[in-house]
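Colleague: Sharing a structure with you now.
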Amino acid sequence: MLLEITLLIIVLWDAYFFFNYIISLLWTYRIKEWTPLVSIIIPAYNEEGNIKESIKSALSQDYPALEVIVVDDGSEDKTFKTASSIKDERLKVFRKKHEGKAKALNFGLTKAQGEIIVTTDADTVLDNSAVKELVKRFYDESVLGVGGQVRVLADSLLERAQDAEHLRIAMFRRAKELEDLSVAPGPISAFRKEALEKIGGFVKSRVEDYATTRKIKKFGKVVYAPKAKAYTKMPNSLKTLWIQRRRWFLGDLMHLGGGLSKEWTFLILSDIIALFDVLVPLLLMIHRNWALLAAFIAFEIITMLIPTLIEGGSMVNALMFPVFLWFWALFYLTLHIYGYLCLLKSRIT
């Protein structure tokens, strides 16, 4: 009986976000048709193999008024030479000493002429309409920032798992964060220039996108633009994935602060559900309850098939989602326990 109740909790949790997502598709979210000058800033460090494609996607935007600013953050390869080889009057390429992503972004900010600052990464390709869709969401003066949808350029199984993860994130953001985005992601975000200047520029942090979003939200809103998409490269080995997500999570914990805040409550609840996601399928197999296991798998596939059809994605990934779900539940549960122990250790010492 306890196993069935636990399974029901998982289904209700996932169904809550799934049906909120479906309901959100019926809404016409607020937009504004306008064309301010946009400055796209691309910080780059040792990205000679990726920078040209990133720049070309920025210059190919279906948007009439933009400039592209590439900041080579002291690369040791041919990033600067490769970026400079592209000839376009809208492109400016600068080189500075290596000081990290936030300082590279802030250097670009000092060179930017645009009213709206769009940020992307050197290993990221912007969808042709990304800038247009970001700008539309600045529907009034209270909106200071906009984040888009991040997707993964996927070849390997691990990269496919990450694209499925980001599609699930996109589903959650449309369902619950359309008008109150928790983080404008580094690969595709936009801010009013005056708002960035008001907070002293991009925040220097191991998670500069999250830290900057939180600081901006003290003065106005950060919203989600579901049609603004960027396709980025992600780790293709478990080791590099762990290093990346460890940096992200430890950085996030630094900015959550103390007390039982909304973010802490949601984080703890998510970890409880992750524990259930890991244990329940294993227990159903141990108890040979194949009917319930099959029903659970079918439910998770259905809740992924619809977003895949609407947002665009791989049907193979959707069919494999129950496997990906179990992997991510185990991965993040392990990562979060590690992070909590690190936080506890730092506070004790």
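The values are calculated or read from the model by the stated rules, or taken from the named source; none is laboratory data. Being a predicted model, the structure only gives us computed values, none of them experimental. Neighbour counts are summed over all protein chains in view; Cβ atoms, including those assigned to glycine, are modelled from backbone coordinates with ideal geometry.
Colleague: Would you point out the residue of the stretch 109-161, among those that are in a strand (DSSP E or B) and more than 17 Å from the chain's Cα centre (by Cα), that is nearest to Ala230 (Cα to Cα)? Quick ask: steps written out before the conclusion?
Modeller: Step one: list which residues in the stretch 109-161 are in a strand (DSSP E or B), which gives 116-119, 124-126, 143-152.
From what's left, more than 17 Å from the chain's Cα centre (by Cα): 116-117, 143-144.
Details: Ile116: 18, Ile117: 16, Val143: 21, Leu144: 20 Å.
Step by step, filter the stretch 109-161, then rank; the result is Ile117.
Colleague: Which one of Phe107, Phe19, Phe80 is in the same structural domain as Pro281 (by TED's automatic domain parsing) and out of contact with any helix residue (DSSP H, G or I) (no Cβ under 7 Å at 6 or more places or on another chain)?
Modeller: Going through Phe107, Phe19, Phe80 in turn, just one is in the same structural domain as Pro281 (by TED's automatic domain parsing) and out of contact with any helix residue (DSSP H, G or I) (no Cβ under 7 Å at 6 or more places or on another chain): Phe19.
Colleague: Give all pairs with beta carbons closer than 6 Å in which a residue from the stretch 129-140 that is farther than 14 Å from Leu66 by Cβ meets a residue that is assigned to a loop (DSSP other than H, G, I, E, B); count only pairs at least 6 apart in sequence or on separate chains.
Modeller: Lys136/Ile31; Tyr139/Arg30; Tyr139/Ile31; Tyr139/Lys32
Colleague: Give me the residue from the stretch 61-82 that is in contact with a Phe, Trp or Tyr (Cβ under 8 Å, 6 or more places away or on another chain) and not aliphatic (A, V, I, L, M) and, out of that set, surrounded by the most Cβ atoms within 10 Å (Cβ to Cβ).
Modeller: Asp72
Colleague: In the stretch 220-250, which residue that is part of a helix (DSSP H, G or I) and basic (Lys, Arg) is nearest to Arg206 (Cα to Cα)? Even if it seems obvious, please write down each step before you answer.
Modeller: Taking the stretch 220-250 and keeping what is part of a helix (DSSP H, G or I), we get 238-250.
Now narrow it down to the ones that are basic (Lys, Arg): 239, 245-247.
Details: Lys239: 18, Arg245: 11, Arg246: 10, Arg247: 7 Å.
It comes out as Arg247.
The rows are residues; the columns are (1) modelled with pLDDT under 95; (2) more than 19 Å from the chain's Cα centre (by Cα); (3) of a type outside the set (S, T, N, Q).
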site: Glu194; (1), (2), (3): no, yes, yes
site: Phe249; (1), (2), (3): yes, no, yes
site: Leu260; (1), (2), (3): yes, yes, yes
site: Leu269; (1), (2), (3): yes, yes, yes
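Colleague: May I pose another question? In the stretch 12-47, what count of residues is obtained for those that are in a helix (DSSP H, G or I) and surrounded by 15 or more Cβ atoms within 10 Å (Cβ to Cβ)?
Modeller: Selection size over the stretch 12-47: 8.
Colleague: From the list Thr334, Thr265, pick out the single residue that is modelled with pLDDT of 95 or more, of a type in the set (S, T, N, Q) and part of a helix (DSSP H, G or I).
Modeller: Only one candidate qualifies: Thr334.
Colleague: Take the conditions among the small types (Gly, Ala, Ser), surrounded by 18 or more Cβ atoms within 10 Å (Cβ to Cβ), in contact with a Leu (Cβ under 7 Å, 6 or more places away or on another chain) and assigned by TED's automatic domain parsing to the domain that holds Leu178 and apply them to Ala58. Does it pass?
Modeller: When the stated conditions are applied, Ala58 passes them.
Colleague: Within the stretch 241-253, is there a residue that is surrounded by fewer than 16 Cβ atoms within 10 Å (Cβ to Cβ) and without any contact (Cβ under 8 Å) to a residue 12 or more places away in the chain?
Modeller: yes
Colleague: Would you be able to say whether some residue in the stretch 115-136 is β-branched (Val, Ile, Thr) and over 20 Å from Gly186 (Cα atoms)?
Modeller: Within the stretch 115-136 (the criterion being β-branched (Val, Ile, Thr) and over 20 Å from Gly186 (Cα atoms)), the answer is no, since none of the residues qualifies.
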